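**Q** My questions all concern the structure below.
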Amino acid sequence: MTALAAGTQAPDFNLTSIDGKSFSLREALAQGPVVAAFFKVSCPVCQYAFPFLDRICKNYGGQKVTFVGISQNDKKDTANFMKQFGVSFPVLLDNTKTFPVSNAYGLTNVPTIFWIAPDGEIQVSSVGWSRQDIEEIARKAAETNTANVMPLFRSEEQIAEFRPG
């Protein structure tokens, strides 16, 4: 099984955030699109990707676009990851024994990032690290907020592609 593809309906889910708040995908989609980013704290590509996702969230997140991380680790390790890599958007905790949400989305690798439209359709399905996919998510977030697209990458940053092989 591979990650759900663009054009697929996103499975609904309810998870608890690291700070104990309940999150419902259905409720979040009623406010606008959702960026759902699955990760493991030990994943070096996740460690690389999440500061860029946080940058997009700070530029365009908020009332019209919801960003959530979905951790495949326990609360303590997830909190340390958030602090170490500067993740400021909400992070949800998948069950670390059965991974029901990760499995529902067909995850085989992390990071896996989805742009889910308000109607529940997955419009971007990104496995690994793809500059093109991250830029598309930034563009969609800017458009949703009727904002100009700001450069995501700084000239001094070395940007590589990391795709599962």
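The values are calculated or read from the model by the stated rules, or taken from the named source; none is laboratory data. Since we're looking at a predicted model, the values are computed, not measured. Cβ atoms come from the backbone with ideal geometry, glycine included; neighbour counts cover every protein chain shown. Each accessible area value is taken on the protein alone, full model and side chains, heavy atoms only, with ligands, DNA and RNA left out. Shrake-Rupley method; radii C 1.70, N 1.55, O 1.52, S 1.80 Å.
**Q** Taking θ = phi - 60°, what integer Hz values does the Karplus form 6.51 cos²θ - 1.76 cosθ + 1.60 yield along the range 21-37, in sequence order, with x for Gly and Pro?
**A** 7, 7, 10, 10, 4, 4, 5, 5, 5, 5, 8, x, x, 10, 9, 10, 10
**Q** Counting Lys +1, Arg +1, Asp -1, Glu -1, what net charge surrounds Asn73 among other residues with beta carbon under 13 Å of its beta carbon?
**A** On the way: positive: Lys40, Lys75, Lys76, Lys97; negative: Asp74, Asp77, Asp94.
Surrounding charge for Asn73 is +1.
**Q** Quick check for me: using +1 on Lys/Arg Cβ and -1 on Asp/Glu Cβ, what's the dipole size of the chain about its Cα centre, in debye to the nearest 20? Present the calculation step by step, with values, prior to reporting the outcome.
**A** Values: 15 positive and 16 negative charges, 64 e Å.
The dipole of the chain has a size of about 300 debye.
**Q** If I histogram all Cα-Cα distances within the range 34-165 using bins 5 Å wide from 0, what percent of pairs lands in each bin?
**A** 2, 10, 22, 24, 22, 13, 5, 1, 0
**Q** Which lysines, if any, have their Cα less than 26 Å from the Cα of Lys75, not counting same-chain residues under 8 positions apart?
**A** Lys21, Lys40, Lys58, Lys83, Lys97
**Q** Describe numerically, in nm with one decimal, the distance between label points set 7 Å from Cα along Cα→Cβ at Gln9 and at Thr98.
**A** Placing both labels 7 Å beyond Cα along the Cβ direction yields 2.2 nm.
**Q** Still on this structure: Taking K and R as +1 and D and E as -1, what net charge do the other residues with C-beta under 14 Å from the C-beta of Tyr60 add up to? Spell out each step's value before the answer.
**A** Working: positive: Arg55, Lys58, Lys64, Arg139, Lys140; negative: Asp54, Glu135, Glu136, Glu143.
Counting the neighbours of Tyr60, the net charge comes to +1.
**Q** On the protein heavy atoms, probe 1.4 angstrom, tell me the percent of accessible surface of the chain carried by carbon and sulfur.
**A** Values: 4010 of 8170 Å².
The value for the chain is 49 percent carbon and sulfur by accessible area.
**Q** Okay, moving on. Could you provide, to the nearest whole Å², the per residue accessible area of the chain with probe 1.4 Å?
**A** Details: 8170 Å² over 165 residues.
Here the residues of the chain average 50 Å² of exposed surface.
**Q** Also, I was wondering about something else. Would you kindly enumerate the cysteines in the chain that have no other Cys beta-carbon under 4.7 Å from their beta-carbon?
**A** When partners are defined as cysteine Cβ atoms under 4.7 Å apart, the chain leaves Cys57 without one.
**Q** If you don't mind, there's one more thing I want to ask. Placing +1 on the Cβ of each Lys and Arg and -1 on the Cβ of each Asp and Glu in the chain, which of Ser125, Asn59, Ala10 has its Cα farthest towards the positive end of the resulting dipole?
**A** Asn59
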